[in-house]
Amino acid sequence: MRSRRLGSALRNYRQAAKLDQPQAAEVIASSQARISRVESGHATPRVIEVRLLLDAYGISDQEVRDKLEDLAKHSKNRGWWLEHAAHLLPDYLDHIALEDDATYIREWQPVLVPGLLQTPAYAEAVITAGPDYVAPELVAHLVKVRQGRQAKIEEGGAIYAAVIWEAVIAHPLVSVEIHRGQLSAILEVGKRKNVTVQVLPFSAGLLAASTSAFSSFSFDAEPTVEAVTLENLRGTSVLEGPEDLAAYANTFDLLRSSALAPEASAKLIRSALRTFKEDSS
């Protein structure tokens, strides 16, 4: 995934400089085939190659250069999640890699509690409720991966903002006991300085149906969206095209501005939690 991000950036800068792949190959004394593999993410350029290419493309912004050089340096670093690679789909590994690199993570969820907020019990219930049979030992692996992903937020490694539709809070898809524990966990995580949880109320109407669940990621000091992931029946899709990124960035801003403020959202969650406690007594 890091190589893909690096290759995509280099391709965009090359095209902006109006150079073709053979010309880029001359810059690093290599072949057009290598440039093609670099730009597609199938090969990782050396740091010196990145520097030469950026010089040729007229990129003088030091922050941009440092960012791309870091991607080249660390593209082959093994992440903690690779311990579970045998049990995970490749595109899910891509999603986790994006999460791990991100400085800003934003999520919209109209159906389930976001994975970065799920308790182990909730995660297990969601995993086992899927249409495909999941062996018990694999369920344990997948729950552990969920917990590993959450360390990024717990350690303050990223600014995290989640918008959740009110139905997720008001209408549990799991047992009431598990749902109560999940609501309590959301309230606790929401107290962290790097976390914002907002609830999109029923009164927002059709806005809740404007798009399915998605996550967006930024990798710099500024919260510019640089990748978006979408979950589907066959796994996870990664979007990186400028028009796609702009559309999802705008959609999240609309959802966030239409959602209850964090304090009001926490109040709604506490009210739901009291209701479920009363119903079970």
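Within the stretch 99-137, the set of residues being in contact (Cβ under 8 Å) with a residue 60 or more places away in the chain, closer than 17 Å to E155 by Cβ and assigned to a helix (DSSP H, G or I) comprises E99, D101, L117. If you go through the stretch 24-36 and keep only what is surrounded by fewer than 19 Cβ atoms within 10 Å (Cβ to Cβ) and touching a residue at least 24 places away in the same chain (Cβ under 8 Å), you end up with just V27. Among the residues making up the stretch 41-66, a single one is in a loop (DSSP other than H, G, I, E, B), within 14 Å of Y13 (Cα to Cα) and at pLDDT below 90: D61.
Table: residues versus (1) at negative phi; (2) in contact (Cβ under 8 Å) with a residue 60 or more places away in the chain.
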site	(1), (2)
I178	yes, no
Q182	yes, yes
G190	yes, yes
K193	yes, no
G205	no, no
V238	yes, yes
L245	yes, no
F252	yes, yes
I269	yes, yes
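The set of residues in the stretch 214-234 being within 24 Å of L88 (Cβ to Cβ) and either among the basic types (K, R) or surrounded by fewer than 17 Cβ atoms within 10 Å (Cβ to Cβ) (or both) consists of N232, L233, R234.
Residue count for the stretch 150-160 under the criterion of being small (G, A, S) and crowded, with 20+ Cβ neighbours inside 10 Å: the result is 1. L245 satisfies every condition listed in (1) among the aliphatic types (A, V, I, L, M); (2) more than 11 Å from the chain's Cα centre (by Cα); (3) closer than 24 Å to L260 by Cβ except (3). Only residues that are over 19 Å from the mean Cα position of the chain (by Cα) and surrounded by 18 or more Cβ atoms within 10 Å (Cβ to Cβ) were counted across the stretch 70-100, and they come to 1.
The values are calculated or read from the model by the stated rules, or taken from the named source; none is laboratory data. From a predicted model like this one, the values you see are computed outputs, not experimental measurements. Counting neighbours? That spans all protein chains shown, and the Cβs are built from the backbone with ideal geometry, glycine included.
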